[in-house]
1. Out of Ala316, Ala290, Ala335, Ala331, which single residue is within 26 Å of Asn392 (Cβ to Cβ), of a type outside the set (Lys, Arg) and at pLDDT 95 or above?
2. What number of residues in segment 93-102 are buried (at least 17 other Cβ atoms within 10 Å of the Cβ) and in a helix (DSSP H, G or I)?
3. Please state which of the following conditions Ala205 fails to meet, knowing it meets all the rest: (1) within 16 Å of ligand 2 (Cβ to nearest atom); (2) open to solvent by 20 Å² or more (accessible area, probe 1.4 Å).
4. Look through segment 252-273, keep the residues that are within 16 Å of ligand 3 (Cβ to nearest atom) and of a type outside the set (Gly, Ala, Ser), and return whichever of them is nearest to Ala241 (Cα to Cα).
5. If I go through segment 250-264 residue by residue, how many of them are buried (at least 16 other Cβ atoms within 10 Å of the Cβ) and either in a helix (DSSP H, G or I) or touching a Cys at 6+ places or on another chain (Cβ under 7 Å) (or both)?
6. Looking at the structure I just gave you, is Thr336 among the polar types (S, T, N, Q), within 13 Å of ligand 1 (Cβ to nearest atom), on the phi < 0 side of the Ramachandran plot and more than 22 Å from the chain's Cα centre (by Cα)?
7. Cβ-Cβ below 9 Å, separation at least six or inter-chain, first residue in segment 269-293 and on the phi > 0 side of the Ramachandran plot and in the same structural domain as Ala342 (by TED's automatic domain parsing), second open to solvent by less than 20 Å² (accessible area, probe 1.4 Å) and more than 16 Å from ligand 3 (Cβ to nearest atom): which pairs?
8. Could we say that Ala200 is open to solvent by 10 Å² or more (accessible area, probe 1.4 Å), of a type in the set (Gly, Ala, Ser), modelled with pLDDT of 95 or more and part of a helix (DSSP H, G or I) here?
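The values are calculated or read from the model by the stated rules, or taken from the named source; none is laboratory data. Every value quoted in this text rests on a predicted model; they were computed, and no experiment measured them. When we count neighbours, we look across all protein chains shown, and the Cβ atoms used for this are built from the backbone with ideal geometry, even at glycine. In case anyone asks, the SASA skips ligands and DNA or RNA and just uses the protein heavy atoms, side chains included. Shrake-Rupley method; radii C 1.70, N 1.55, O 1.52, S 1.80 Å.
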Amino acid sequence: MTGPKKLYVRTFGCQMNVYDSERMSEALGADGYVRTDDIEDAELVVLNTCHIREKAADKVYSDLGRIDQIKRQREAAGQEMTIAVTGCVAQAEGKEIIARAPQVGLVVGPQSYHRLPDLVRRARAGAQVVDTEFPEEDKFAHLPARTVGADATGKIQPAGPAAAFLTVQEGCDKFCTFCVVPYTRGMEMSRPVAAIESEARRLVARGVRELTLLGQNVNGYHGDGPDGPPCSLAGLIAQLARIDGLERLRYMTSHPRDMTDDLIEAHGSIDKLMPYLHLPFQAGSDRILAGMNRKHTADDYLRIIARVRQARPDIALSTDIIVGFPGETEAEFEATLDVVRAVRFAQAYSFKYSPRPGTPAASLDRQVAPEVAAERLERLQLLLADQQASFNAGCIGKVFPVLFEKPGRNAGQLIGRSPYLQSVHADATPDLLGRILPVEISGAGFRSLAGVVRAA
Ligand code: SAH
Ligand code: SF4
Ligand code: F3S
């Protein structure tokens with residue numbers, strides 16, 4: 001008797017890829033595949049890739065080299081292995097991937113995931129398959145609905161995780177001059193409110209208590225509303241907040257230009273919307289921001305932050321920053337540090353500019369020397385680490401509602417999330433997984449907090 005077909009998925013890049021990997025696994029699950037954590041045991045390997053910076057894209061090829069070894073070992077033992085490359089590198093490089101790495105059987109771009117089971121069947125029958133079209137049909141409408149309770153084989157699923165991602169918007173029309181996303185994910189599209197609500201309800205029925213609404217420009221959301229006219233992200237959040245059993249909502253990633261009044265107000269008026277905002281500003285110099293095609297100034301950004309803080313004074317702020325954009329001078333870099341000092345972030349992601357093929361900034365003169373960019377990044381990261389540590393230290397002694405999500409490293413411990421998205425470690429029994437309990441914060445590190453569960 002042959003067992004179920006084994007599927008191994010490795011995910012790179014942003015949360016949207018994490019979500020896509022789940023949807024692909026479910027689509028393949030309906031076709032008889034079960035996930036394995038052991039790549040050597042897998043008949044199908046999916047590498048869900050990221051193209052955002054050069055390092056991320058290079059990682060795919062080094063991985064493909066290692067996986068090829070495993071594929072050969074399996075084949076020597078009479079077992080098959082099909083390798084699929086999905087995600088943003090698949091979209092950007094298409095059939096070049098197979099030319100460079102002929103062990104790859106299948107290349108599928110993000111807009112074709114609903115065709116995956118069929119494409120995999122063709123690849124396993126010996127074809128080399130490349131699908132990087134932007135099809136007319138909406139993949140979300142064609143992917144299998146999120147399962148609840150019994151799965152396709154009639155088996156009752158175990159309770160799912162307490163927090164989940166839900167993609168509500170995809171693609172980007174903003175064309176920041178450094179960024180590949182408009183080319184890899186296509187034009188902005190928003191899913192209809194009804195489709196999102198029905199998916200949210202299914203996830204809640206699986207045990208999800210917290211949803212993070214995802215989109216490359218999530219606050220540009222403008223899906224068809226329940227009664228026809230387009231609905232804003234704030235409207236969508238208000239709608240989802242009515243779902244019983246769904247306790248927490250978050251969203252990412254936002255663009256300053258789409259930080260509308262109703263969304264800012266929602267932070268003050270919707271209790272289930274968590275006090276956390278990830279709002280990239282990229283650079284502090286207006287000349288650099290113009291070169292990036294961001295269409296906002298540093299002052300615009302600071303004004304938005306002030307308004308968000310007015311609506312929700314305790315909000316934790318996060319951001320993305322790029323150093324060493326072509327032509328960035330020392331004084332222009334200092335302007336970035338000034339914005340960081342003015343805002344005081346709870347956490348942040350910062351990157352050295354990486355020239356990406358096909359983007360306008362890659363062909364600009366005056367690329368910043370790598371050692372200069374590295375030194376600037378180091379200075380920036382020291383400042384950010386300091387802000388993060390003091391944000392966390394300021395939490396000691398407070399009592400936060402913590403949603404327990406997974407077992408901790410030590411027996412008898414669970415890890416949960418504070419409203420401000422910090423990881424919180426506490427002694428707690430496994431029956432508390434999926435529950436929100438008051439936790440008194442007793443210790444703070446750079447990355448996480450420690451606390452003690454108080455009686456609810
Ligand atoms: N849609 C989001 C983020 C997209 S990518 C936004 O508009 O902000 C995530 C982050 O990667 C970006 O915010 C940016 O800081 C960084 N990034 C994108 N392209 C990059 C590049 N070529 N080099 C370095 N960092 C980059
Ligand atoms: Fe990229 Fe800019 Fe679009 Fe964000 S807004 S995904 S940085 S092009
Ligand atoms: Fe990477 Fe694509 Fe996300 S390039 S950051 S996986 S949208």
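1. From the options Ala316, Ala290, Ala335, Ala331, the qualifying one is Ala316.
2. Counting residues in segment 93-102 that are buried (at least 17 other Cβ atoms within 10 Å of the Cβ) and in a helix (DSSP H, G or I) gives 3.
3. Just one mismatch for Ala205, condition (1).
4. So the residue we want is Met252.
5. 4
6. Answer is yes for this residue.
7. So the pair list comes out as Gln282/Ile288; Gln282/Leu289; Gln282/Met292; Gln282/Arg294; Gln282/Phe325; Gln282/Thr336.
8. Answer is no for this residue.
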